[in-house]
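Here is the structure we will look at, set down as structure tokens.
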Amino acid sequence: MLTNYIFIPIAAAFIAYILNKRNRKAGAVITALVSAYLLLSLTALYGRWDITQSFNLSLMGYKIDFLLAVNPLSWLFAVMTAAISILIALFSINSQENFKFSSVFNLNFLIIIGSMIGIVFARDFLTLFIFWELMTWTSFYLISAGKKKMAGRAAYRYIILSAGAAYAFLMAAIFIFQQTGSFAFDSAAEFLVANSPAQSIMLLLVISLPFIVKAGIFPLHIWVKDAHGNAPKEFSPFLSGMMLKIGIYGMIVVFYQLSFFKIIENTIAYRGLPLLSYLFALLGAVTIITGTILAIRQEDMKKLVAYSSISQMGYIIIGIAIATPLGFSGSMLHLMNHLIFKSTIFLALAAVIYRTGTTKMYEMGGLIFRMPLTFAAYLTAIIALAGIPPTNGFISKWVIYQALIEKGYLFLAIAAFFGSIASFMYVFKPLSTVFLGQLKPQHQNIKEVPLLMKIPMLILILVIVLFGVFPGIQMNIINQISGYLGIETVNYTLYSIQGANGAWNSLLIFNIFSAGFIIALLLFSFAKKSKLVGLLDTYSSGEYITDAESYHYAYQYYRPFDRLFDNLAAKSLTDFYETLTKNLVRSGEGLRRALAAGKLQNYALYSVLLFVILAAVGWII
């Protein structure tokens, strides 16, 4: 029964809430156990793509069907959800010891897990909408449980954008239901293909709105920074690693299962690609550039990584939008790999926050000697994010580059390359300011995090390298998804992928890197050892400095670069949206004063006018 995967975590959420009131570790333990059960059960579903489940309901003379089904795409997203939830729950057992909202956290987290599995198993608009709203509202409560006032503001910005887009989605779904008598995706796809292209395109663009918002795609990315930056440190890995991806899932449904690409294939083309597809790819490119530049400017490490997540979503959108086998495969690879390395980064930063109590990079330094495993996890993950072999981040970007080069999309390729090169700047900033440099006096007694917080980071380090060397493990399910969606598959072996201009052999590259590492290690081991001195025992151009802070350059690390974009930052989209909101509120207040004057005869007149309008609309329809 597919409903078990949805309602078991939702039911367990209330048990976790009650037990966590007695023991603050109980909720995380239950979350880990439920997630492990889901992962094992989902593994048993692999290859059984014919399982379906349905319920029907008669409402106001309409028969409404609720449809669930498993396919390679939905299975992958469900497995990703369960897998990362286990690691976050293990990490949370110790990290939430002093978190006063731990009961609420585990209640909402388990509901989110169940609702996300409900979303990917849904085969009709209404089922998807119900679970989408459940996920949105529970994540709203989780975000608001973070840093006091800032978390509340971030949560409201998130919910306003999400709710507005979701209700637009619902209106479009109801319109399709009126035409077809069904909310099912298959019926909708048949109607949209047979309908006028202009109307079908408009409906699908409206349907895609909540997915664009959730994926953090420009220009609807403005909620991501504050939501990630102020959410509880244990939720940020899931928010970035998985919840952004659920937006990508929705866009794949729109593009392929609701036949968006089929509908636009005969419309105006640009460089051999339908113009609307190219515009989506262009949005991906702008998202890469915007996220990268804004990440470099951040002083808060969680907000820096949040903007990095926006940038990485751009790669996935580009690959899907250009609609080639290599593009789609590269996007799916990057989708999985981003979950892995970005979750590693956020868990490493959560470990730092757990010990230091701050997210400001300039308030830290020299933690490499106090938290070596956390440093190793962060270092491995940023190597993957920057796209350096033999990590998993390289192979997915390489496939996307191959897809862009194959089609000759120069600007998109330059944007993707810019994102990779510039990512070195923003990932090096926490490396240098948090882990390297001078250890602050107040952090002298800091030590590594407890074992249960180390285990998830160790597992993710191994997975980053494993998928970097053996991408064929991922390509197996990706090719099944491609076949399910009617996309040509890509040739691969366990350790190589065939691109447009040759094949990439990950095992060979790994062996070369390993040999180089062994040689370097031997040279280091047998060479003359350097003398260890204290961090303050150094020259400073004739000045005698006695405090660690003066030796550690951390605040406004890239100020010369920042100056190039100061004017752009001052005219941010966030300011535009906030100004628009203020003007709408001001207009609403003026309208309220004009219409709601407190006179009963006016209200009676408004009621009559409303009934006349409704009657006229009903007659016209």
Inset, instruction - May I ask you to list the residues in the range 29-69 that are in contact (Cβ under 8 Å) with a residue 60 or more places away in the chain and under 22 Å from the mean Cα position of the chain (by Cα)? - result: THR31, ALA32, SER35, LEU38
Legend entry - Qualifying position, being touching a Lys or Arg at 6+ places or on another chain (Cβ under 7 Å), in a helix (DSSP H, G or I) and among the hydrophobic types (A, V, I, L, M, F, W, C), among ALA295, ALA285, ALA306: ALA306
Legend entry - Sole exception among (1) closer than 26 Å to ASN337 by Cβ; (2) buried (at least 16 other Cβ atoms within 10 Å of the Cβ); (3) touching a residue at least 60 places away in the same chain (Cβ under 8 Å) for PHE470, by number: (3)
Legend entry - Flag if VAL490 is more than 25 Å from ILE318 (Cα to Cα), buried (at least 21 other Cβ atoms within 10 Å of the Cβ) and in contact (Cβ under 8 Å) with a residue 60 or more places away in the chain: no
Inset, instruction - Tell me which residues, restricted to the range 362-382, are buried (at least 22 other Cβ atoms within 10 Å of the Cβ) and in contact with an Asp or Glu (Cβ under 9 Å, 6 or more places away or on another chain). - result: GLY365, MET371, THR374
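Table: residues versus (1) under 22 Å from LEU110 (Cα atoms); (2) open to solvent by less than 10 Å² (accessible area, probe 1.4 Å); (3) in contact (Cβ under 8 Å) with a residue 12 or more places away in the chain; (4) not aromatic (Phe, Trp, Tyr).
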| site | (1), (2), (3), (4) |
| --- | --- |
| ASP226 | no, no, yes, yes |
| SER240 | yes, yes, yes, yes |
| ILE246 | yes, yes, yes, yes |
| TYR256 | no, no, yes, no |
Legend entry - Complete set of residues in the range 111-127 that are part of a helix (DSSP H, G or I) and either open to solvent by 10 Å² or more (accessible area, probe 1.4 Å) or β-branched (Val, Ile, Thr) (or both): ILE111, ILE112, ILE113, ILE117, ILE119, VAL120, LEU126, THR127
Legend entry - Test: LEU385 is open to solvent by 50 Å² or more (accessible area, probe 1.4 Å), touching a helix residue (DSSP H, G or I) at 6+ places or on another chain (Cβ under 9 Å) and in the same structural domain as ALA281 (by TED's automatic domain parsing): no
Legend entry - Those helices (runs of 4 or more DSSP H) lying entirely in the range 1-110 with at least 2 residues open to solvent by 70 Å² or more (accessible area, probe 1.4 Å) and assigned by TED's automatic domain parsing to the domain that holds HIS334: none
Inset, instruction - Name the residue, out of GLN498, GLN444, that is more than 23 Å from the chain's Cα centre (by Cα), open to solvent by 10 Å² or more (accessible area, probe 1.4 Å), polar (S, T, N, Q) and more than 26 Å from TYR278 (Cβ to Cβ). - result: GLN444
Inset, instruction - Please tell me if PHE185 is farther than 30 Å from GLN298 by Cβ, surrounded by fewer than 24 Cβ atoms within 10 Å (Cβ to Cβ) and either touching a Leu at 6+ places or on another chain (Cβ under 7 Å) or at pLDDT 85 or above (or both). - result: yes
Legend entry - Given (1) at pLDDT below 85; (2) open to solvent by less than 30 Å² (accessible area, probe 1.4 Å); (3) in contact with a helix residue (DSSP H, G or I) (Cβ under 7 Å, 6 or more places away or on another chain), number of the condition LEU436 does not satisfy: (2)
Inset, instruction - Look through MET313, MET336 and report the one residue that is within 14 Å of the chain's Cα centre (by Cα), closer than 17 Å to ALA384 by Cα and open to solvent by less than 10 Å² (accessible area, probe 1.4 Å). - result: MET313
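For the range 383-401, what are the residues that are of a type outside the set (S, T, N, Q) and touching a Ser or Thr at 6+ places or on another chain (Cβ under 8 Å)?
Correct list: ILE383, ALA384, LEU385, ALA386, GLY387, PRO389, PRO390, ILE395, LYS397, VAL399, ILE400.
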Inset, instruction - Could you tell me whether any residue of the range 450-467 is of a type outside the set (A, V, I, L, M, F, W, C) and surrounded by fewer than 18 Cβ atoms within 10 Å (Cβ to Cβ)? - result: yes
Inset, instruction - Please indicate, with yes or no, whether at least one residue in the range 207-217 is under 30 Å from PHE109 (Cβ atoms) and not in a helix (DSSP H, G or I). - result: yes
Inset, instruction - Would you mind stating whether ALA188 is in contact (Cβ under 8 Å) with a residue 40 or more places away in the chain and more than 19 Å from the chain's Cα centre (by Cα)? - result: yes
Inset, instruction - Quick one: which residue in SER506, SER514, SER496 is touching a helix residue (DSSP H, G or I) at 6+ places or on another chain (Cβ under 9 Å) and free of Cβ contacts under 8 Å to residues at least 40 places away in the same chain? - result: SER496
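The values are calculated or read from the model by the stated rules, or taken from the named source; none is laboratory data. Source: prediction; values computed, not measured. FYI the Cβ positions are ideal-geometry reconstructions off the backbone, even for glycines, and counts take in every protein chain you see. Calculation scope for accessible area: heavy atoms of the full protein, side chains included, ligands and nucleic acids excluded. Shrake-Rupley method; radii C 1.70, N 1.55, O 1.52, S 1.80 Å.
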